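A short worksheet on the structure shown next.
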């Protein structure tokens, strides 16, 4: 199973986010899933979510399992839809080798074709609310410092080299800086229009990761001021950057690039082999809300994988349409 179905992630869902998880057998595999509720007026609406699902090759098996979910969950009017984050791979490629506009256009066309195919053949609706990225980049951090830098674009190379020369601070977050970290993360989220976890959950997450040695919190600094930070989870031989931020007022100085580079090198020194930064826009969709975030992370190199992405099994069609319209207006 991937990180998204790992024991550490399930523990975080249960203990930190306080969203109970439940077991389900789907497509011949055991997964855990969660319930998300939304109150709109007098109504409490429910949606179900499984992250890290792999669709089998047999079409009849897919149809049978989707039918089973609909039969099990459709009976209550409050149940809107069952969302799957599907990890089947469309394509993987080395960032530095594919910067051709025709390639991006082909990927966009293929993804739109896939969305239509899954909808027509299996009644899977492409999710209007993404909970996980449709693509991801994995960095091979077993490479030397020189190799890692050589795979970056010119701007990232220059900034990393500058901060190496200046011996910029790279540290584990000190407990007295927890509030500063949280406030800076909130500021980044506000300007980028994405959701964050409440402060109580943020503090529980940090304490959990450190107490059980399941991760850590890293920052880059200049003159003792935090420029960028990341909350990282350790999963097998990989470092997963769950939440990160950069000080928007000092974004052009390169604190974010330097911090990511130092996470790579620190991870290598401690026996990790890869780093996953999460949260990417699908290739070929410049209008996507995460496009600018993706552009930064692509500037660091790595292998990018395009996944099938987020799809909904609709349980109550008219409520689903209402919820979709409500969410779009709110957004």
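The values are calculated or read from the model by the stated rules, or taken from the named source; none is laboratory data. Note that the structure is a prediction, hence the values are computed from the model and not measured. Glycine also receives a Cβ, built like all others from the backbone with ideal geometry; neighbour counts cover every protein chain displayed.
How about the stretch 223-331: which helices (runs of 4 or more DSSP H) wholly inside it have at least 1 residues that are over 29 Å from residue 206 (Cβ atoms)?
291-298, 317-330
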**Request:** Go through (1) touching a residue at least 60 places away in the same chain (Cβ under 8 Å); (2) under 24 Å from the mean Cα position of the chain (by Cα); (3) in the same structural domain as residue 312 (by TED's automatic domain parsing) and name the single condition residue 110 misses.
**Result:** (1)
**Request:** Could you list, in sequence order, all residues of the stretch 269-285 that are on the phi < 0 side of the Ramachandran plot and under 18 Å from the mean Cα position of the chain (by Cα)?
**Result:** 274, 275, 276, 277, 280, 281, 282, 283, 285
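Report yes if some residue within the stretch 168-180 is over 30 Å from residue 111 (Cβ atoms) and touching a residue at least 60 places away in the same chain (Cβ under 8 Å); otherwise report no.
Here is the first cut: in the stretch 168-180, the residues over 30 Å from residue 111 (Cβ atoms) are 168-180.
Then drop every residue that is not touching a residue at least 60 places away in the same chain (Cβ under 8 Å), which leaves 168, 170.
There is at least one residue in the stretch 168-180 that is over 30 Å from residue 111 (Cβ atoms) and touching a residue at least 60 places away in the same chain (Cβ under 8 Å).
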**Item:** The one condition in (1) modelled with pLDDT of 95 or more; (2) farther than 18 Å from residue 265 by Cα; (3) assigned to a strand (DSSP E or B) that residue 216 fails to fulfil
**Value:** (2)
**Request:** Give the residue that is surrounded by the most Cβ atoms within 10 Å (Cβ to Cβ), with candidates limited to residues of the stretch 298-310 that are in contact with a helix residue (DSSP H, G or I) (Cβ under 8 Å, 6 or more places away or on another chain) and at negative phi.
**Result:** 300
**Prompt:** So which residues in the stretch 130-155 are surrounded by 15 or more Cβ atoms within 10 Å (Cβ to Cβ) and within 30 Å of residue 324 (Cβ to Cβ)?
**Reply:** 130, 132, 133, 134, 135, 136, 137
**Complete:** Screening 243, 258 for residues that are modelled with pLDDT of 85 or more, at negative phi and over 20 Å from the mean Cα position of the chain (by Cα) leaves only 258
**Request:** Evaluate the stretch 301-310: report whether one residue or more is within 15 Å of residue 129 (Cβ to Cβ) and under 18 Å from the mean Cα position of the chain (by Cα).
**Result:** yes
**Message:** Can you find a residue that is in a strand (DSSP E or B) and either free of Cβ contacts under 8 Å to residues at least 40 places away in the same chain or assigned by TED's automatic domain parsing to the domain that holds residue 55 (or both) anywhere in the stretch 201-213?
**Reply:** no
